[in-house]
Amino acid sequence: MFEQPEVPPTVLDALGAPGDVAAWAATAQPGPDVVGPLAVIDPSTVDGAGQIDLLIALERQIAWLTARQQQVLAALDGHALDWAGEQSIDYTQEQVGAALRLSPGTAAHRLEVARALVDRLPTTLEMLARGEISYLHARTLADAVTELDTGTTTKVEDRVLPRAGQQTVGQFRASVRRAVIVVDPRQADQRHQDAVEHRQVVITPVEDGMAQLWALLPADGAMLIKTVLDSLSSKKSTGETRTMDQRRADALVDVFARVLGDPTLPEQHGHRPAIHITIAASTLLGCDDQPATLEAYGPITAEVARRIASDQTGTWRRLITDPSTGQVLDYGRKTYRPPAKLADFVIARDRTCVFPTCTRPARDCELDHGEAWCTGGDTCEHNLHPLCTRHHHTKHDAGWTVQRTENGAYHWTDPTGHHYTVHPPDDG
């Protein structure tokens with residue numbers, strides 16, 4: 001290919017012989033010498049083999065850059081304590097989340113993985129930097145050794161890495177699970193007790209007005225739920241057209257709809273628990289079909305919104321807005337005990353915690369004064385905003401500041417001087 005293959009090709013080489021350079025880059029050590037030539041290769045100028053080489057080369061470069069990113073994340077981890085003085089909680093995840101536009105949980109996980117790779121899995125990080133494995137492989141191993149001591153972690157790493165470069169992520173994950181069992185022969189009951197600590201329920205919005213409900217539960221609890229759903233959905237009425245899966249799904253919703261009617265459920269901001277929907281008055285009246293907003297989910301169609309808004313059971317709380325300004329016109333007080341008007345307005349206006357990247361519903365948040373009340377700040381709609389507990393502490397304890405503008409945007413500044421803007425809810 002080149003007279004001196006140990007000398008990296010140049011950009012001119014890549015323009016003149018793109019296929020040869022792609023083939024070289026597919027096996028070359030990833031790094032800055034490879035990026036430039038790769039960046040100028042037009043995929044349409046090489047044949048199928050060259051395009052595969054180019055794909056492999058780019059994947060290896062991505063792995064190298066990702067390894068560098070792990071080192072940066074690990075260096076950042078914990079430094080929020082230095083920036084903001086002495087405090088009991090580390091807010092580095094807020095720094096990273098705002099900078100990379102990641103949710104708080106994702107940012108925290110990225111920091112945990114980086115710290116594990118840099119401190120406990122050096123061989124794995126080296127393989128990532130050489131482009132021999134992907135970030136998904138590295139993350140899988142980092143997640144698996146979270147609860148293991150240093151010696152056990154090294155044994156697992158030594159056992160699984162030799163074949164990692166030839167395995168898919170799924171195959172590698174299975175190898176890691178087996179290795180953890182082999183090198184950490186704790187009693188099964190103890191491992192189960194450890195796993196129970198991580199039980200959780202996750203709801204994820206998907207397309208077409210649907211959402212996924214995922215739960216990690218002890219096996220006996222999961223079988224209890226399955227038994228109840230199977231029983232509730234087993235009886236078919238005359239003319240029934242739903243499948244068994246559809247009846248199970250409907251039965252699951254029905255169980256919680258009955259629970260929501262329990263008068264002993266605790267209130268939030270003066271409201272009994274309910275699902276909130278925000279809809280333009282013109283859409284509710286059938287004059288147009290603007291999308292509405294289902295709290296904690298997002299946009300839904302006008303037809304679905306009108307059906308929900310007309311529900312008289314008290315399960316839903318309707319928030320009606322002016323279609324031209326978005327101003328809340330009706331808080332739906334007829335269904336519930338009247339809340340404090342101001343708190344009700346702020347919650348309806350902002351809908352979620354107003355910290356960058358946070359999506360916790362406003363009704364689950366604390367109402368914070370932009371300018372502290374004790375220093376003269378007014379208790380008014382322009383000086384109030386919802387913050388979840390963690391981000392309320394971030395503002396007061398970690399050196400972040402926020403200002404609200406007339407158009408409803410929130411401008412945040414972190415302790416390092418970086419700026420982030422949170423725009424008002426978009427109903428367009």
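Cβ-Cβ distances below 8 Å connect the following pairs, each with a first residue in the stretch 200-211 that is within 18 Å of Ile308 (Cβ to Cβ), a second residue that is among the β-branched types (Val, Ile, Thr) and not in a loop (DSSP other than H, G, I, E, B), and a separation of six or more residues or different chains: Gly209/Ile300; Gly209/Val304; Ala211/Ile203; Ala211/Thr204. I want to confirm something. Restricting to the stretch 34-59 and keeping residues that are charged (D, E, K, R) and touching a helix residue (DSSP H, G or I) at 6+ places or on another chain (Cβ under 8 Å), which single residue is farthest from Arg139 (Cα to Cα)? Across the stretch 34-59, the extreme among qualifying residues is Asp47. Confirm whether Val180 is over 16 Å from Gln70 (Cβ atoms) and without any contact (Cβ under 8 Å) to a residue 40 or more places away in the chain. It is true that Val180 is over 16 Å from Gln70 (Cβ atoms) and without any contact (Cβ under 8 Å) to a residue 40 or more places away in the chain. When the stretch 237-264 is filtered for residues that are at pLDDT 75 or above and more than 25 Å from Lys226 (Cβ to Cβ), the ones remaining, listed by number, are Thr238, Gly239, Thr264.
Of all residues in the stretch 287-309, those that are loosely packed, with under 15 Cβ neighbours inside 10 Å have Cβ atoms under 6 Å from Cβ atoms of residues that are modelled with pLDDT under 80 and not in a loop (DSSP other than H, G, I, E, B), 6 or more apart or on another chain, in Asp288/Ser282. Being at pLDDT 90 or above and surrounded by fewer than 17 Cβ atoms within 10 Å (Cβ to Cβ) is the filter here, so list the residues in the stretch 83-101 that pass it. Ala99, Leu100, Arg101 - these are the residues of the stretch 83-101 that are at pLDDT 90 or above and surrounded by fewer than 17 Cβ atoms within 10 Å (Cβ to Cβ). Restricting attention to the stretch 124-177, which residues are outside any helix (DSSP H, G or I) and free of Cβ contacts under 8 Å to residues at least 40 places away in the same chain? Correct list: Val145, Thr146, Leu148, Asp149, Gly165, Gln166, Gln167, Thr168. Considering each residue of the stretch 161-177 in turn, none proves to be out of contact with any Lys or Arg (no Cβ under 6 Å at 6 or more places or on another chain), over 30 Å from Ala114 (Cβ atoms) and among the charged types (D, E, K, R). Can we say Thr227 is out of contact with any helix residue (DSSP H, G or I) (no Cβ under 8 Å at 6 or more places or on another chain), among the β-branched types (Val, Ile, Thr) and in a helix (DSSP H, G or I)? The answer is yes for Thr227. Considering only the stretch 214-225, I want to know if a residue exists there that is closer than 30 Å to Thr124 by Cβ, under 25 Å from the mean Cα position of the chain (by Cα) and assigned by TED's automatic domain parsing to the domain that holds Arg60. No, there is no match, as no residue in the stretch 214-225 is closer than 30 Å to Thr124 by Cβ, under 25 Å from the mean Cα position of the chain (by Cα) and assigned by TED's automatic domain parsing to the domain that holds Arg60. Of all residues in the stretch 34-53, those that are of a type outside the set (A, V, I, L, M, F, W, C) have Cβ atoms under 7 Å from Cβ atoms of residues that are outside any helix (DSSP H, G or I), 6 or more apart or on another chain, in Pro37/Pro9; Pro37/Thr10; Asp53/Ala26. Scanning the stretch 356-392 for residues that are surrounded by fewer than 16 Cβ atoms within 10 Å (Cβ to Cβ), at pLDDT 85 or above and out of contact with any helix residue (DSSP H, G or I) (no Cβ under 6 Å at 6 or more places or on another chain), we see that the one that is farthest from Gly417 (Cα to Cα) is Asp364. For Ala222, the requirement of being closer than 23 Å to Asp250 by Cβ and modelled with pLDDT of 90 or more is met. If the condition is being closer than 22 Å to Gly78 by Cβ and acidic (Asp, Glu), then the stretch 397-428 contributes Asp397, Asp414.
Checking each residue in the stretch 183-194 for being part of a helix (DSSP H, G or I), free of Cβ contacts under 8 Å to residues at least 40 places away in the same chain and loosely packed, with under 13 Cβ neighbours inside 10 Å picks out Ala188, Asp189, Gln190, His192, Gln193.
Checking Ala372, Ala362, Ala409 one by one, the residue that is under 28 Å from Ile275 (Cα atoms), among the hydrophobic types (A, V, I, L, M, F, W, C) and without any contact (Cβ under 8 Å) to a residue 24 or more places away in the chain is Ala409 and no other. Selection of the stretch 334-348 for residues being out of contact with any His (no Cβ under 9 Å at 6 or more places or on another chain) and modelled with pLDDT of 85 or more yields an empty set. Quick check on Asp245: is it more than 26 Å from the chain's Cα centre (by Cα), assigned to a helix (DSSP H, G or I) and loosely packed, with under 10 Cβ neighbours inside 10 Å? Yes; evaluated as a whole, the condition is true for this residue.
The values are calculated or read from the model by the stated rules, or taken from the named source; none is laboratory data. Because the structure is a prediction, the values reported are computed rather than measured. Every residue, glycine as well, gets a Cβ built from its backbone with ideal geometry; the counts of neighbours run over all protein chains shown.
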